[in-house]
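Coordinate-derived values only; no laboratory data. Predicted model, so just to flag it, every value in this text is computed and none were measured. Neighbour counts are summed over all protein chains in view; Cβ atoms, including those assigned to glycine, are modelled from backbone coordinates with ideal geometry.
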Amino acid sequence: MDELDEIKKRKLMELQNQQEESLQNQAQEQQQLQAQIEQLETLVKQFLSKEALQRYGNLKAAHQEKAVQLLVILGQAIQQGQIKEKITDEKLKEILKQLQPEKKEFNIKRK
């Protein structure tokens, strides 16, 4: 029975070590992703007007995923040289409208 218990303990320790490593890797990836987002945000903020920056701040507070999506799109456009001057609030609104999927209309007919 001692051998069986020892094998169980060893296996349990291995599983715990694997789980700890997995959690550490996830935390490290999360930190790297957060750092990349911060770098992108710093780049994009330089190209936003005061009003557009305020709108971005509101979007970030309300819809984190959309804000990150917007950062990625604007960051790519800036890096490709498509954006050279400040982005106005109106231009930012247009970009945000393009990010939203079209809503389907439903007509309900009563008989």
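Summing Lys, Arg as +1 and Asp, Glu as -1, what charge do residues with Cβ under 14 Å from the Cβ of GLU3 carry, GLU3 excluded? Charge balance near GLU3 sits at +1. In the chain, helical runs assigned H by DSSP with n ≥ 4 each contribute -39500 (n - 2.57); averaged across all residues and rounded to the nearest 500, the mean residue ellipticity at 222 nm is -26000 deg cm²/dmol.
Give the cross-link partners of LYS9 among the lysines, using a straight C-alpha distance below 16 Å as the criterion and excluding same-chain residues fewer than 8 apart. List returned: none. If the reach is capped at under 22 angstrom between alpha carbons, list the lysines near LYS66, excluding any in the same chain fewer than eight residues apart. Counting by Cα, and skipping residues close in sequence, LYS66 has these lysines nearby: LYS45, LYS50, LYS86, LYS91, LYS93, LYS97, LYS103, LYS104.
Assuming charge only on the beta carbon of Lys and Arg (+1) and of Asp and Glu (-1), the dipole of the chain about its Cα centre is about 1200 debye to the nearest 20.
Close amide H contacts of ILE87 (hydrogens built in the peptide plane, cut-off under 5 Å, sequence separation of 5 or more or a different chain): LEU48, SER49.
Could you please rank LYS50, LYS60, placing first whichever residue has the fewest other Cβ atoms within 10 Å of its Cβ? Show your work: numbers first, answer last.
Working: LYS50 10, LYS60 15.
By the 10 Å Cβ count, ascending, the order reads LYS50, LYS60.
Taking N as the residue count of the chain, its C-alpha radius of gyration divided by 2.2 N^0.38 Å amounts to 1.83.
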